[in-house]
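The values are calculated or read from the model by the stated rules, or taken from the named source; none is laboratory data. Given the structure is predicted, the values throughout are model-derived calculations rather than measurements. With ideal geometry, Cβ positions are generated from the backbone for all residues, glycine too; neighbour counts draw on all protein chains shown. To get the accessible areas, we keep the full protein, side chains included, count just its heavy atoms, and leave off ligands, DNA and RNA. Shrake-Rupley method; radii C 1.70, N 1.55, O 1.52, S 1.80 Å.
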Amino acid sequence: MKVELITVRNGEERVVEYEYKPREEGERPMALDVLLQAQATELPDLAFRYGCRNRTCGICTIDVNGRPRVGCRARVRDGDRVSAPATLPVVRDMVSRRDGVARQLRGRLPNGLRGNDLEVAAPDDYHALTACIECYACLDKCPMHARNFEDGEERRDASGAYRHGNPFSLLKLQRIRLDPVADPAEKAAALETALALGLDACRDCPGCKCGVGIDLKRKVVKPLVVAAFGDS
Amino acid sequence: MTIETEWRDYDVIVVGSGGAGSAAAHAASEAGAKVLVVSKDPIGCSDTKIAEGIVTVRASAGEDDTEEVLAENLRIAGSDLPTEDITAAFAQDTQDAYEWYRRQGVRPDMDHKEDKPAVLPIALGGHTKRRSIGHQNGGLALGHALWNAVVQGIDYLEDAWFLDVVTEENDDGPDEVLGGLIYDAARGVFVAVRAPSVVIASGGLSTMYFPKTDTMRGNTGDSYALALRAGADLVDMEQIQFLPFCMTYPPAYEGLLAGEPVTAGYLGVLRDKDGKVILDSVMLRTRAECSAAIVRAVEAGRGTERDGCYLDLTGNVDLPKSGPYFEKFLHTAVSGVMATVRQAWGKNAAQCKEMWEVRPGAHYAMGGMRVNSDCVAIGDDGADVPVRGLYAAGQAMGGVFGSNRLGSTSLSEGAIFGARAGRGAAARAKTARTKPQEDRFEKRLARYADALSHDGGDAPALLVKELQAACWNFIGPARTEDGLDTFDAAVAQLRDRASKAAIPADALWNQSFIEYLELMNMLDTAQAVSLAARDRDHSLGAHVRLDGGQTSTLFGQPHSVVVRRDSAGGYAVSHAARPKTPLKRLLPHMIADAKRKLSLKTLRMMPAGMRDNIIEDRYRSVMGEVSREDVDAKTEAAAA
Ligand SMILES: Cc1cc2nc3c(=O)[nH]c(=O)nc-3n(C[C@H](O)[C@H](O)[C@H](O)COP(=O)(O)OP(=O)(O)OC[C@H]3O[C@@H](n4cnc5c(N)ncnc54)[C@H](O)[C@@H]3O)c2cc1C
Ligand code: SF4
Ligand code: SF4
Ligand code: FES
């Protein structure tokens, strides 16, 4: 089985055809299996991220034929093309630079919720959002996130944070709004942050797609948009 | 090769952003210290995030669970190797640790009758009380909490490999921490950080056994290698926990977790390749006992082709009344595991209608840096500190679990000792008077810069593969003196080849350099494991010596094996005596354990109808009413 791996060294892209050798009869390998085998044989210098091999750590995201997939659970077929996630700048081979996303919530999260009553159950939707593994598959085709790269220029602040938001950051903010322990001021601040990150982009967007199946449209975007603009 | 060095100043460096690292950073920062978190994985990505998310909280199911009871549970499970001060600290702080997680956003399911978090219906193996709390989405719930705690207001570098602690060596007194060195791969620079305190919270060593492990890739023994090279002692390094029930196939799932002893339910047993029972009462066994049973069966030629055995849970679901309770228990206690089982092996397996082919997989290192209950590096006699300013927390530290770690204790461990280390590190930073000594940093850096560009022979990634295979074969779940001889020769040879490895001259995300760094850490750590495993020539807990007898836990004086580097750069091995749990405390435990096993045996002997009724009653008393329809609806929903 042949898989095309796009390697990137010093900004230069190359297509490397890798012949995967199945480990058992009829094996249908995951994209991560292909990368691991390539690194263990012909391409020992190949750079890629992974952690748990179990769709939980969220760091093995790669593009398969141009669409983001969680690499440890994305089966590949003969002729498929595997490359770094295109939604973020590529550092090397399959590795993109992620940290501009997380940094945008610095100073914008509740600070320890001290003194609040902890003995309350969270609503189902809070837990539905906690299922997020931070794989960043949802950055794909997000017009809000794309604003960070308009005119070929990256928009980051001094700390390296992207100025414009993305579905993941909205999910983190909506989680605060669903948290029974957070107080009203913190919930209001979360909505303010969503607006500052560019929530207006969601008003006329067909909506985002989550790599592990969280209903982002209904559980994240819609409630935020309704709260901010009163429409849906 | 030129690579820039960036200089920075902090009070505290925390290595790792799992439970221990995040709690340490948060505590140090609350105490007013300027903190830098360094993480090779993206922030929060760690074993803590991928865990099942079950947390030990003392007295969560009743006040009769005293600190003494919990501390003693740890020490008895750990064959008296855990130290008294550390287990006492653990027992004291579980509730605070859990509250810390909750303040960062962890929301447990509530027991509405009691108005407090719901506790799992069965005590996990080795716990004499029910005190484990599970969470929806498992470790991800904790992962979000860690992320919030660090991202909110603490400086951090991710995609950054911490290389070494820099110390000032003193002839007349302990060495002093001066700071640390970092390879920031994503930016392609070295970072030299001046800081009087360093907290090592960089997790475990299970990647030495890849792919026979369920842990994160980053567990390359860095914690132990860093501690050794900084001049600290390691204890109990031969004690590595292999989870008994990891998957043997399909290849993409090899090593992943398929369950715990307690999730075997009242009627789960282990069978060899011919179906003969090799271990019963699995639910009441420790992880070490189950792993040893599998390893010994395989060694005796009774294993499957993939060197596994069969975990048979079918007895639990065959019973019409109690079956649904068991299924519900499985899917609430270990929902993540059950999702993996279903993906890997299909619906029948997930409903426990088929046996599961399992094999031990590396999971957790009980050993680690020798510390006191405030996570300070200590030497012999506790008082004689080898390095001032060095702390370890979480899996990086030793002394908490000894020869066997009980389920659900590590997530508490991280938050408990992380907070202790963070507070200590912040306090030291206030009073420390370290002189800036750039030359000490530069000397170390020069060595790393040299390695960063190397024409030569082997690719580091391939040497890593060789080492991993040797680790599994010789310092894995079964050990012999001959095997250790072979292993040591392999390590010496790999060290030699590593020194001539091929590393291209790139500053930016140099994967070969990263593999090389981790290879060196794995070699240092593996050598410590091998020495300790050789020194302990009898089996004890997780350490199985096929060529030696079993160590008596009733008689004899317990000791921990200590490994340190001597001044010549070699390794030295010594013993630290541990107090023994008095016989009169130990006996009631042994009797209670025997009774529980007898009661399970009686259950198995009973006519099926009676057995079904009794088990149903037991489940119902803690889980409430459960019906077949509920469970089927739930599993259908989970599958979709
Ligand atoms: C699948 C699974 C399920 C588990 N389930 C449970 C459970 O239900 N209950 C329980 O109590 N325990 C459980 N455990 C065990 C528990 O999760 C871990 O023991 C615990 O999380 C370890 O915490 P830690 O903070 O010490 O290390 P980790 O959480 O592993 O964090 C280590 C951190 O160090 C970083 N790091 C490593 N080396 C370096 C370096 N050189 N430079 C910079 N950063 C570095 C890593 O990137 C990571 O951020 C489970 C483990 C696994 C693998
Ligand atoms: S919302 Fe979904 S796609 Fe986005 S980061 Fe989270 S898990 Fe990934
Ligand atoms: S709905 Fe909003 S967050 Fe989702 S893709 Fe569109 S712009 Fe991005
Ligand atoms: S490796 Fe962790 S999600 Fe794929």
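Identify, please: which residue in region B:133-156 is within 16 Å of ligand 4 (Cβ to nearest atom) and in a loop (DSSP other than H, G, I, E, B) and is, among those, least open to solvent (accessible area, probe 1.4 Å)? Per the criteria, the residue is B:Gly138. B:Leu284: modelled with pLDDT of 95 or more, more than 30 Å from B:Val376 (Cβ to Cβ) and of a type in the set (A, V, I, L, M), yes or no? No. Counting just the residues of region A:1-13 that are over 15 Å from A:Asp63 (Cα atoms) and in a strand (DSSP E or B), which one comes out most open to solvent (accessible area, probe 1.4 Å)? Ranking the candidates gives A:Glu12 first.
Here region A:216-232 is the region considered, the condition is being exposed (fewer than 14 other Cβ atoms within 10 Å of the Cβ) and assigned to a helix (DSSP H, G or I), and the residue that is nearest to ligand 1 (Cβ to nearest atom) is A:Arg218. Got a number for residues in region A:177-216 being of a type outside the set (A, V, I, L, M), more than 16 Å from ligand 4 (Cβ to nearest atom) and touching a Cys at 6+ places or on another chain (Cβ under 7 Å)? Residues that pass the stated criteria total 2. Contact map, region A:47-69: residues that are facing chain B (nearest Cβ under 8 Å) paired with residues that are of a type outside the set (Phe, Trp, Tyr) and within 16 Å of ligand 3 (Cβ to nearest atom), Cβ distance under 6 Å, separation 6+ or inter-chain. Pairs shown: A:Gly58/A:Glu134; A:Gly58/A:Cys135. Count of region B:81-97 residues, restricted to those that are more than 18 Å from the chain's Cα centre (by Cα) and open to solvent by 10 Å² or more (accessible area, probe 1.4 Å), is 7.
Yes or no, residue by residue, for (1) farther than 28 Å from A:Pro89 by Cα; (2) at pLDDT 95 or above; (3) more than 20 Å from the chain's Cα centre (by Cα):
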residue	(1), (2), (3)
A:Asn166	no, yes, no
A:Ala188	yes, yes, yes
A:Thr193	no, yes, no
A:Asp204	no, no, yes
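Within region A:21-46, the residues that satisfy the criterion of being more than 7 Å from chain B (Cβ to nearest Cβ) and either under 27 Å from the mean Cα position of the chain (by Cα) or small (Gly, Ala, Ser) (or both) are A:Gly26, A:Arg28, A:Ala31, A:Leu32, A:Val34, A:Leu35, A:Leu36, A:Gln37, A:Ala38, A:Leu43. Contact map, region B:126-154: first residue of a type in the set (Phe, Trp, Tyr), second residue part of a loop (DSSP other than H, G, I, E, B) and modelled with pLDDT of 95 or more, Cβ cut-off under 8 Å, separation 6 or more or different chains; pairs are B:Trp147/A:Glu134; B:Trp147/B:Ile43; B:Trp147/B:Gly44. The condition (being in contact (Cβ under 8 Å) with a residue 12 or more places away in the chain and within 7 Å of chain B (Cβ to nearest Cβ)) is satisfied by just one residue among A:Leu171, A:Leu105, A:Leu178: A:Leu105.
On the stretch given as region B:157-175, residues that are within 28 Å of the chain's Cα centre (by Cα) and in a strand (DSSP E or B) total 10.
Of all residues in region B:379-406, those satisfying the criterion of being surrounded by fewer than 24 Cβ atoms within 10 Å (Cβ to Cβ), assigned to a loop (DSSP other than H, G, I, E, B) and in contact with a helix residue (DSSP H, G or I) (Cβ under 9 Å, 6 or more places away or on another chain) are B:Gly382, B:Leu406. A search for C-beta distances below 8 Å between a residue of region A:112-139 that is facing another protein chain (nearest Cβ under 7 Å) and free of Cβ contacts under 8 Å to residues at least 60 places away in the same chain and any residue that is within 16 Å of ligand 3 (Cβ to nearest atom) and aromatic (Phe, Trp, Tyr), counting only pairs 6+ apart in sequence or on different chains, returns nothing.
Picking from residues in region A:119-138 that are aliphatic (A, V, I, L, M) and more than 16 Å from ligand 4 (Cβ to nearest atom), the one that is farthest from A:Val95 (Cα to Cα) is A:Val120. For region A:181-195, the set of residues classified as surrounded by 14 or more Cβ atoms within 10 Å (Cβ to Cβ) and outside any helix (DSSP H, G or I) consists of A:Val181, A:Ala182, listed by residue number. From the list A:Gly198, A:Gly165, A:Gly115, A:Gly213, the lone residue that is of a type in the set (Gly, Ala, Ser), open to solvent by less than 20 Å² (accessible area, probe 1.4 Å) and under 30 Å from B:Thr48 (Cα atoms) is A:Gly165. Of the residues contained in region B:38-52, one or more are found to be touching a Ser or Thr at 6+ places or on another chain (Cβ under 9 Å), modelled with pLDDT under 95 and either more than 13 Å from every other protein chain (Cβ to nearest Cβ) or closer than 22 Å to B:Ala333 by Cβ (or both).
Quick check on region B:335-342. Is at least one of its residues touching a strand residue (DSSP E or B) at 6+ places or on another chain (Cβ under 7 Å), closer than 27 Å to B:Trp472 by Cα and free of Cβ contacts under 8 Å to residues at least 60 places away in the same chain? No, region B:335-342 contains no residue that is touching a strand residue (DSSP E or B) at 6+ places or on another chain (Cβ under 7 Å), closer than 27 Å to B:Trp472 by Cα and free of Cβ contacts under 8 Å to residues at least 60 places away in the same chain.
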